[in-house]
1. As a footprinting exposure proxy, order LEU70, LEU5 by other Cβ within 10 Å, with the fewest listed first.
2. How far, in degrees from 0 to 90, does helix 61-70 lean away from the longest principal axis of the Cα atoms of the chain, to the nearest 10?
3. Once the Cα atoms of helix 2-16 and of the chain are each reduced to a long axis, what angle between those two axes, in degrees from 0 to 90 to the nearest 10, is obtained?
4. Can you tell me, using C-alpha contacts under 8 Å and at least 6 residues apart, the relative contact order of the range 1-56 as a whole percent?
5. Would you work out which of CYS60, HIS6, ALA29 lies farthest towards the positive end of the dipole of the chain, given +1 charges on the beta-carbon of Lys and Arg and -1 on that of Asp and Glu, about the Cα centre?
6. Rounded to the nearest Å, what's the spacing between the alpha carbon centres of the range 4-25 and the range 30-84? Just the number, please.
7. In what order do ARG58, ARG32 fall by count of nearby beta-carbon atoms within 10 Å, going from fewest to most?
8. Stick to the Cα atoms of the range 22-84, pair each with every other, and give me the Kirkwood hydrodynamic radius in Å at one decimal.
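Any read-out appearing in this document is the output of simple, stated calculations on the displayed coordinates, not a laboratory observation. Predicted model, so just to flag it, every value in this text is computed and none were measured. Note that each Cβ is placed from the backbone with ideal geometry, even for glycine, and that neighbours are counted across all protein chains shown.
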Amino acid sequence: MQSSLHGMIDKAHRYAEQPERVQVARLEAVVRGDNSDHTVTLTEGRLSCDCDHYQHERLCAHVLTVERLLKAFIPANAAPFPGS
Ligand SMILES: [Zn+2]
């Protein structure tokens, strides 16, 4: 039991050194804006937001914030203009 736990921990350390092994499939993040909080969701590889700006433009600062922070862990085209 003890050695199996050590094996798991060793493997987790090795995996964690290769972040490309991890892909976030679904996510709900609350972004604290200057005026209010907004919920950014990742579903089916795309980020979306509940704010008015996103509803009109399909893009907003909240989506870009989450894309910037989690870039390594979400699909490359999760935001409409990745990296901008
Ligand atoms: Zn937003």
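1. On the way: LEU70 16, LEU5 9.
By the 10 Å Cβ count, ascending: LEU5, LEU70.
2. Between helix and principal axis, roughly 10 degrees.
3. With both axes taken from Cα atoms, the answer is about 40 degrees.
4. Relative CO of the range 1-56 lands at 20 percent.
5. Result: HIS6, furthest along the dipole toward the positive end.
6. 27 Å
7. Numbers: ARG58 14, ARG32 10.
Ranking ARG58, ARG32 by Cβ neighbours within 10 Å, fewest first, gives ARG32, ARG58.
8. Mean inverse Cα-Cα distance, inverted, gives 11.5 Å.
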